[in-house]
Structure formats: structure tokens, C-alpha cells
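Engineer: After the C-alpha cells below, expect a handful of questions from me.
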Amino acid sequence: MNPYLNALKPYPFERLQQLKNGVKADQSYPHVALSIGEPKHHPPEFVVDILTDRDLLTADLAAYPATRGEEPLRVAIAQWLQRRFAARVDPATQVLPVAGTREAIFSFGQAILSGRPKSVALLPNPFYQIYEGAIVLRGATPYFVAGQPADDYRPRYADIPEAIWRACELVYLCSPANPTGRNLCAEDMLWLIEQAERFDFVIAADECYSEIYLTEENKPAGLLEVAAAAGIDDFRRCVVFHSLSKRSSLPGLRSGFVAGDAQILARYYQYRTYEGCALANHVQKASTAAWQDEEHVIENRRLYRQKFAAVTPILATALPVADPEGGFYHWLNIGEDDEAFSRRLYQERNITVLPGSYLGRTNNDGNPGAQHIRVAWVAPLADCIAAAERLSDWLRIH
């Protein structure tokens, strides 16, 4: 067996299930699941129509899909990147469709990291656990960059010692951040691009929440956008990951893309020809249509804004709360043991949230996820309002 498997930590939702085992929730309240970031808005009808077109499906099921993806899909993605981020990419060499960003973020680490002793890869803390798994299973050392409340949960990359930068091969970014909802500013992205040039590492930016934001004035910046504005037209050392799961409420489609540095993507494509994760042809057609349409994305964003407008004032009656800049999570500082809090909340009010410590790792400053909970506002509006009221009432007597 791969010896690095022993270094993997239990997945957050496995830990959550263990936390709830043996706990009997108060069934006088209907259960509301606010723990998993699984979008529940209705999928775009035109995507459903394409997926259920019998003639298209019959033809597509009779052919192996290409690892590089069909040209119309790559062109649609390139055009979307141009519209959204003013980043001009070559659909032939700088775009790869992938089966969702989760598999791509993981496999990218396997392809990029060298496996040399003492190599380092950076990731935010708290974080999406796939980053850590990709690093650990390639034999690299994860270096956690904490986002503390005093810094508005933004990682302080400028404080990283030069020795770490010299050993660094890969940096995982997440903006808007899961779970904190904070955006990485363009200035910090540009500084990281300069560091990548200086120390020769790759930046992998997870931007799957980029299309969910609360104000048009604070639209999240993108790594390719920052590179292009700086005149780095080849996007050297820069790669971004985008998905239809959050943008289009299509988590079950498992469809996304990787874009950026053509030389890196050429090697990653070689890796993927062996990995065998090509998107099914009918999924590619549905994905092409989704990337070409913005109306459903605007509506999706409106629904999340409606939820935050409703739940934030309710929560604010019981604890300090700030809306995220992007994404659909509240990252709440509850000021006490987050595991015990989450367990009691489930038991007494039948609400499931995710303990923040499950999304962080302990370093010199402790676990930055401790005493926090992540609340995913993915349920229908009425359920979100009911859960917020139930949570606030419970907090006031807690």
C-alpha cells in the first residue's frame, strides 16, 4: 500500500457523522442540513433538456470522450474567461475540461509535485481538504498559511519565511475562500505571481465560488485576470480551476475546467490521458451550453443574496456576524468548543452544521478553525430562515 495513505486525516464529513452517532435529535423540529456545500437551487432547464435528449444521448453513449474535450466546449470556456476576467486563452492549448474541480485539484497535485524529499506545498488554513490530500499523497510537506480573525481571516503570505518559498513547488489558493468567504485581493495575487517567478513554483487557484458574490462592486478577482493585467499573457506558472457545481447549481454534473499556462497544461494533459477522467460527451454538450449562458447565473446569485439578506439580520440578534464577500457560507465565531456546540445544536434543534476545527490544522497559533462553525445556506429560503431563527433563539438561551 502507498505509505502516504497513513498520513491522510479523516474527511470532515466522516468526522461529522461520528460526532452525530448515538445522538438523538429533537424530532419536533424538521431537520435542516447546513453542513455540506451542495447547491440545491433548481438546475437550468436547458441543461436538463440537453441531458435528456434521447437522440443526442444515444449518439454520445456510442463514442469514447476525448480527454482534451470537444472543441465547442473549450471555445465556450475560453470565451467565458474573456468575458468574465478579460483573460484571453487559447482553447487549443490553455484549457482542459475536467470532471469537476475536486478530481482536478487532487490530480493536479499528483502531476505537478516532484516527490523529492523536503519539497513543500502551501495551502490556506482553514481549507478544502482535497488540497492537503493531494500534497500528502505525493510525499510533499504541507505548509499551512493561517487566516486569523484579527486579519479578517485572510492568509498572511508575506510572513512566510524565505526558506519555505525556496522549498515550495506548489501553492493552492482559494478565492472566494472556503470556508471563510473572503476574497484574495488582486495585489496579493500579483505578489504571489512575482514570488512564483522568483522561486519557481506553480500557483493553483481554486475559483469555484467566483460567481457567487453579494455585491457587484466587490466581484472576486481571478488569477488569470491579474496576470493578464500585469502583461503576463502566457500565464506562466498560473493555473485556475472553475466548476459548474456552484456557478450553475449543477454539482451532480461533475463538470469544470482547468486553464492557464500552456506548458503546464500540456504535461497535465499527458497525466490525464492515463488517469482516464474524460467528461462524457453528453455532459460536454450540456456544459458548453451552461458556460455560454449568464442569465441562470445571475438568478442563482440573486437567490443567494436573498438568503443572506434574510438570515444575517436574524443571526445578528444573537452573535457577531459578517456576510461573506463570496460563496454561500457563514463562517461564525461562536467563542466555544465547536464540536460540542455542533453536537448540541443537532441534538436540541435538529440543525446540522460543520465544526470549523474540522477544516483547519493546528500550528503555532492553534487551529484557526476552532471555535467556529461553517453554515452552508444551500437549503430552500424558507428552510434557511427557519434554521436561522431556530439557531438564534437557541443561542440566546444557550
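Engineer: In region 228-246, which residues are touching a helix residue (DSSP H, G or I) at 6+ places or on another chain (Cβ under 6 Å) and in a helix (DSSP H, G or I)?
Structural biologist: Of everything in region 228-246, those that are touching a helix residue (DSSP H, G or I) at 6+ places or on another chain (Cβ under 6 Å) and in a helix (DSSP H, G or I) turn out to be LEU244, SER245.
Engineer: Then there's this: Restricting to region 134-151, name every residue that is surrounded by 21 or more Cβ atoms within 10 Å (Cβ to Cβ) and either over 13 Å from LEU170 (Cα atoms) or in contact with a Phe, Trp or Tyr (Cβ under 7 Å, 6 or more places away or on another chain) (or both).
Structural biologist: Correct list: ALA134, VAL145, ALA146, GLY147.
Engineer: Further, regarding this structure: Would you confirm whether or not region 268-284 contains a residue that is of a type in the set (Lys, Arg) and either in the same structural domain as ASN300 (by TED's automatic domain parsing) or without any contact (Cβ under 8 Å) to a residue 60 or more places away in the chain (or both)? Quick ask: steps written out before the conclusion?
Structural biologist: Here is the first cut: in region 268-284, the residues of a type in the set (Lys, Arg) are 272.
Still in the list and also either in the same structural domain as ASN300 (by TED's automatic domain parsing) or without any contact (Cβ under 8 Å) to a residue 60 or more places away in the chain (or both): none.
Taking every residue of region 268-284 in turn, none turns out to be of a type in the set (Lys, Arg) and either in the same structural domain as ASN300 (by TED's automatic domain parsing) or without any contact (Cβ under 8 Å) to a residue 60 or more places away in the chain (or both).
Engineer: Please verify whether region 37-57 includes one or more residues that are in contact (Cβ under 8 Å) with a residue 24 or more places away in the chain and closer than 30 Å to THR141 by Cβ.
Structural biologist: Yes, region 37-57 has at least one match.
Engineer: Please determine whether any residue of region 40-52 is outside the structural domain of TYR274 (by TED's automatic domain parsing), surrounded by fewer than 17 Cβ atoms within 10 Å (Cβ to Cβ) and among the hydroxyl-bearing types (Ser, Thr, Tyr).
Structural biologist: There is no residue in region 40-52 that is outside the structural domain of TYR274 (by TED's automatic domain parsing), surrounded by fewer than 17 Cβ atoms within 10 Å (Cβ to Cβ) and among the hydroxyl-bearing types (Ser, Thr, Tyr).
Engineer: If I ask for residues that are aliphatic (A, V, I, L, M) and surrounded by fewer than 16 Cβ atoms within 10 Å (Cβ to Cβ), which ones from region 287-309 would you list?
Structural biologist: Taking region 287-309 and keeping what is aliphatic (A, V, I, L, M), we get 289-290, 297-298, 303, 309.
Across region 287-309, the qualifying residues are ILE298, ALA309.
Engineer: Follow-up question, since we're still on this one. When the residues of region 81-131 are narrowed to those that are buried (at least 21 other Cβ atoms within 10 Å of the Cβ) and of a type in the set (Phe, Trp, Tyr), which ends up nearest to ILE36 (Cα to Cα)?
Structural biologist: TYR128
Engineer: Wholly within region 280-398, which helices (runs of 4 or more DSSP H) include no fewer than the required count, namely at least 3 residues that are polar (S, T, N, Q)?
Structural biologist: On the way: elements: 281-292, 295-315, 338-349, 381-397.
Hits in region 280-398: 281-292, 295-315.
Engineer: Within region 292-309, identify whether any single residue is free of Cβ contacts under 8 Å to residues at least 60 places away in the same chain and among the hydrophobic types (A, V, I, L, M, F, W, C), and answer yes or no.
Structural biologist: Scanning region 292-309 turns up at least one residue that is free of Cβ contacts under 8 Å to residues at least 60 places away in the same chain and among the hydrophobic types (A, V, I, L, M, F, W, C).
Engineer: State all residues of region 214-257 that are more than 22 Å from SER287 (Cα to Cα) and of a type in the set (Ser, Thr, Tyr); if no residue qualifies, say none.
Structural biologist: If the condition is that a residue be more than 22 Å from SER287 (Cα to Cα) and of a type in the set (Ser, Thr, Tyr), then THR215 is the only one that fits.
Engineer: Another question about this same structure. Say whether the condition of being surrounded by 22 or more Cβ atoms within 10 Å (Cβ to Cβ) and in a helix (DSSP H, G or I) is met by at least one residue in region 247-256. Give the steps one after another, and end with the answer.
Structural biologist: Within region 247-256, the subset surrounded by 22 or more Cβ atoms within 10 Å (Cβ to Cβ) is 247-250, 253, 255-256.
Narrowing further to those that are in a helix (DSSP H, G or I): 247, 253.
Yes, region 247-256 contains at least one residue that is surrounded by 22 or more Cβ atoms within 10 Å (Cβ to Cβ) and in a helix (DSSP H, G or I).
Engineer: When you look at ASP323, is it closer than 30 Å to CYS185 by Cβ, surrounded by fewer than 19 Cβ atoms within 10 Å (Cβ to Cβ) and touching a helix residue (DSSP H, G or I) at 6+ places or on another chain (Cβ under 6 Å), yes or no? Steps first, answer last, please.
Structural biologist: Details: closer than 30 Å to CYS185 by Cβ: yes; surrounded by fewer than 19 Cβ atoms within 10 Å (Cβ to Cβ): yes; touching a helix residue (DSSP H, G or I) at 6+ places or on another chain (Cβ under 6 Å): yes.
Yes; evaluated as a whole, the condition is true for this residue.
Engineer: Is there a residue in region 382-394 that is in contact with an Asp or Glu (Cβ under 9 Å, 6 or more places away or on another chain) and crowded, with 20+ Cβ neighbours inside 10 Å?
Structural biologist: Kept after step one, since they are in contact with an Asp or Glu (Cβ under 9 Å, 6 or more places away or on another chain), are these residues of region 382-394: 394.
When the remaining residues are screened for being crowded, with 20+ Cβ neighbours inside 10 Å, the result is none.
No, region 382-394 has no match at all.
Engineer: Listed residues GLN284, GLN263; which is within 19 Å of VAL98 (Cβ to Cβ), of a type outside the set (Gly, Ala, Ser) and exposed (fewer than 15 other Cβ atoms within 10 Å of the Cβ)? Give the steps one after another, and end with the answer.
Structural biologist: Values: GLN284 fails: exposed (fewer than 15 other Cβ atoms within 10 Å of the Cβ).
Just a single option satisfies the conditions, and that option is GLN263.
Engineer: Assess whether ALA204 counts as being hydrophobic (A, V, I, L, M, F, W, C) and crowded, with 22+ Cβ neighbours inside 10 Å. I'd like the intermediate steps shown before the answer.
Structural biologist: Values: hydrophobic (A, V, I, L, M, F, W, C): yes; crowded, with 22+ Cβ neighbours inside 10 Å: yes.
The answer is yes for ALA204.
Engineer: Oh, and also: Scan region 306-329 for residues that are farther than 16 Å from PRO220 by Cβ and of a type in the set (Ser, Thr, Tyr) and report the count.
Structural biologist: In the first step, residues of region 306-329 are kept if they are farther than 16 Å from PRO220 by Cβ; the result is 306-307, 309-322.
Subset that is of a type in the set (Ser, Thr, Tyr): 312, 317.
The qualifying residues number 2.
Engineer: Taking the stated definitions as given, is LEU190 surrounded by fewer than 24 Cβ atoms within 10 Å (Cβ to Cβ), at pLDDT 95 or above, farther than 26 Å from TRP291 by Cα and among the aliphatic types (A, V, I, L, M)? Before you say what the answer is, go through the steps one by one.
Structural biologist: On the way: surrounded by fewer than 24 Cβ atoms within 10 Å (Cβ to Cβ): yes; at pLDDT 95 or above: yes; farther than 26 Å from TRP291 by Cα: yes; among the aliphatic types (A, V, I, L, M): yes.
When the stated conditions are applied, LEU190 passes them.
Engineer: Being modelled with pLDDT of 95 or more, out of contact with any helix residue (DSSP H, G or I) (no Cβ under 7 Å at 6 or more places or on another chain), assigned by TED's automatic domain parsing to the domain that holds SER287 and not charged (D, E, K, R) is the requirement here; does ALA221 meet it? Let's see the steps before the verdict.
Structural biologist: Numbers: modelled with pLDDT of 95 or more: yes; out of contact with any helix residue (DSSP H, G or I) (no Cβ under 7 Å at 6 or more places or on another chain): no; assigned by TED's automatic domain parsing to the domain that holds SER287: yes; not charged (D, E, K, R): yes.
No: the conditions fail for ALA221.
Engineer: If you don't mind, another one. Just to be sure before I move on: is THR312 farther than 29 Å from ALA59 by Cα and β-branched (Val, Ile, Thr) in the structure I sent?
Structural biologist: On the way: farther than 29 Å from ALA59 by Cα: yes; β-branched (Val, Ile, Thr): yes.
In short, yes.
The values are calculated or read from the model by the stated rules, or taken from the named source; none is laboratory data. Since the structure is predicted, the reported quantities are computational estimates derived from the model, not experimental observations. Note: ideal-geometry Cβ built from the backbone for every residue, glycine included; neighbour counts use all protein chains shown.
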